[in-house]
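Peer 1: Here it is, the structure in full.
Derivation of every value follows stated rules applied to the coordinates shown; laboratory data play no part. Owing to the predicted nature of the structure, the values given are computational and were not obtained by experimental measurement. As a convention, Cβ positions derive from the backbone with ideal geometry for all residues, glycine included, and neighbour counts pool all protein chains shown.
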Amino acid sequence: MFQPIKNHISKLDYYWLTHSNLPISLINSANFTRVTREGLVLADIEIKKGKIIQIVPSDSVNINPDFAINLQQRIVLPCFIDLHTHLDKGHIWERSPNLEGTFKMALDTAIADGEKYWQAQDVFSRMEFSLKCAYAHGTKAIRTHLDSYGEQPDISLRVFQDLQQQWQDKITLQAVSLVTIDYYQTEEGGNLAGKIEKVGGILGGVVYINPDLDSQLDHLFKIAKARNLDLDLHTDENGDVESIGLQKIAAAAIRNNFTGKILCGHCCSLAVQSAEVVNKTLELVKEAGIAVVSLPMCNLYLQDRQTESYLTPIWRGVTRVHELKQKGIPVAFASDNTRDPFYGFGDLDMLEVLEQAVRIAHLDTPYSNWIDSFTKIPGEIMGLNDSGIIAQDIPADLIIFPGRYFSELLSRSQHNRIVLRNGKPIDTTLPDYSELDDLVFKPTHQK
């Protein structure tokens, strides 16, 4: 069925997608009165010259059958927004595997790989491969963290800017620096902040609990305010009940009167802390206006790896997404690492993230508006207000799936989805892994 639809759409500048199932939370319309228990509405979408003209309840207007493409209740979503990735680390697993599966081994292995191999061509080729995958799966915006110690940002930021320009019509890219936040107290850290400002990036870092954390955070907020930079911080990526980095960040944001955007990733330890600590943290996070991104696949894989007390993991690694959402705190989900020492799998397919997040974090019964956390909310956090939604007068950047209900969407492969960009189907052929063979298996590509 899908290939004829794809062929038909490709020939038209004007058409209707009729009888499509859309999440009511993503269309901002009060015209729909019949909503399924999954939060879906049956709609007809008018598309002309690459833009959405209107969205109406199915069969509510007369449509010329020559321009009507009946989707027979297939789900249509806006293109995905992937808010937290590490494109610079991607696809190094085969040359630098983490055979222990632990966080420490992942960190040590990634650092060693970077020191040995991360020259411009290596980073460019792997990052571009990742972009090809994400684009084919239907992602239109990505934020990536970039390891930024020493001379590496001079290499990686230049590569990032080249890719940002080359892919500007396909994927919107944002860069985040990645160092431990104490680094910003050094001259090198100050220089890094200047480089991030020049590329229009986000100031980022890893927050570790230590006696000097409050002063480190105050200095970080001072730099961010002086350069008008938003913040994106790796936070509490562990199962330690004493790790209250999220709480510390929120308190620092409040006392420094920070008005920029703050995104905290992981926040795993919140899941193992007492109700009293959680409630205090959520109150501060809400007051500070912080958003949280959960990385369910990587956290499930990496957290609670034990070699002494027990072998089988006994907790899921994800943060308290339901409690955060109930508090009115923006919650997003993202891919995180891809085929590197931190996570040996993944393909930058946000549908896979959705599938796994539903299972890991119980986002069903009901699904409610959780789909917003993979589209609309990350779009808002990235400042892309016309992305992650389905609305009038914006580009018809949509994904048509075979599944008609979430139970179908999340149960069977949707590899034959149709991705529309500006109303036209794109080539969804994925790059072959052999494209990376020279980088992975030939040691001549070294610094």
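Peer 1: Quick one: compute the contact order of the chain, relative version, from alpha carbon pairs under 8 angstrom and 6+ residues apart, as a percent.
Peer 2: Here the relative contact order equals 23 percent.
Peer 1: Distance cut-off 23 Å, Cα to Cα: go down the list 222/248; 11/170; 140/327; 89/222 and report the pairs above it.
Peer 2: In this structure, 140/327; 89/222 exceed 23 Å between Cα atoms.
Peer 1: Can I ask one more? Just tell me, in residue order, which DSSP H segments of the chain are both 24 angstrom or longer along the helix axis (alpha-carbon based) and at least -0.5 in mean Kyte-Doolittle hydropathy.
Peer 2: Within the chain the helices that satisfy the rule are 120-137.
Peer 1: Provide 322, 137, 266 in ascending order of the number of other Cβ atoms located within 10 Å of each residue's Cβ, fewest first.
Peer 2: 322, 137, 266
Peer 1: Also, I was wondering about something else. Counting pairs of Cα atoms in the range 80-381, how many percent are more than 25 Å apart?
Peer 2: Percent of Cα pairs beyond 25 Å in the range 80-381: 45.
Peer 1: Which of the pairs 132/376; 6/49; 261/325; 132/325 have their Cα atoms more than 26 Å apart in this structure?
Peer 2: Numbers: 132/376 22 Å; 6/49 16 Å; 261/325 18 Å; 132/325 32 Å.
Over 26 Å apart, Cα to Cα: 132/325.
Peer 1: Might you report the magnitude of the Cβ-based charge dipole of the range 235-377 about its Cα centre, with Lys and Arg at +1 and Asp and Glu at -1, to the nearest 20 debye?
Peer 2: 480 debye
Peer 1: Right, here's the next one. Mind listing which trypsin sites (Lys or Arg not before Pro) in the range 358-423 are in a DSSP loop and have 11 or fewer other Cβ atoms within 10 Å?
Peer 2: Passing sites in the range 358-423 are 412.
Peer 1: Antiparallel versus total DSSP beta bridges in the chain: what percent is that, nearest 5?
Peer 2: Restricted to the chain, the bridges split so that about 40 percent are antiparallel.
Peer 1: Let me ask something else. Please state, as a whole number in µm²/s, the translational diffusion coefficient that the Stokes-Einstein equation yields for the range 337-447 at 37 °C and 0.692 mPa s, with Rh defined as the Kirkwood radius across alpha carbon pairs.
Peer 2: Numbers: Rh = 16.8 Å.
The calculation lands on 196 µm²/s.
Peer 1: Put a dot 7 Å past each Cα toward the Cβ at residue 158 and residue 3; how far apart are the dots in nm?
Peer 2: Placing both labels 7 Å along Cα→Cβ, they lie 4.6 nm apart.
Peer 1: Set Lys and Arg Cβ to +1 and Asp and Glu Cβ to -1, take the dipole of the range 80-381 about its Cα centre, and tell me which of 119, 103, 185 lies farthest positive.
Peer 2: About the Cα centre, the residue reaching furthest to the positive side is 185.
Peer 1: Which ordering of 267, 79 is given by a fewest-first count of other beta-carbon atoms within 10 Å? Let's see the in-between values first.
Peer 2: Details: 267 30, 79 24.
Ordered by Cβ neighbours within 10 Å, fewest first: 79, 267.
Peer 1: Within the range 148-190, list the GluC sites (Glu not before Pro) lying in a DSSP loop whose Cβ has at most 16 other Cβ atoms in a 10 Å radius.
Peer 2: Numbers: sites: 151, 187, 188; in loops: 151.
In loop regions of the range 148-190 (DSSP not H, G, I, E or B), the sparsely surrounded GluC sites (Glu not before Pro) are 151.
Peer 1: Oh, and also: Quick one: putting +1 on the C-beta of Lys and Arg, -1 on the C-beta of Asp and Glu, what dipole do you get for the range 80-381 around its Cα centre, in Debye to the nearest 20?
Peer 2: Value, rounded to 20: 740 debye.
Peer 1: In the range 271-332, which GluC sites (Glu not before Pro) fall in coil by DSSP and have 11 or fewer other Cβ atoms within 10 Å?
Peer 2: Of the GluC sites (Glu not before Pro), the ones in loops of the range 271-332 whose Cβ has at most 11 other Cβ atoms within 10 Å are 308.
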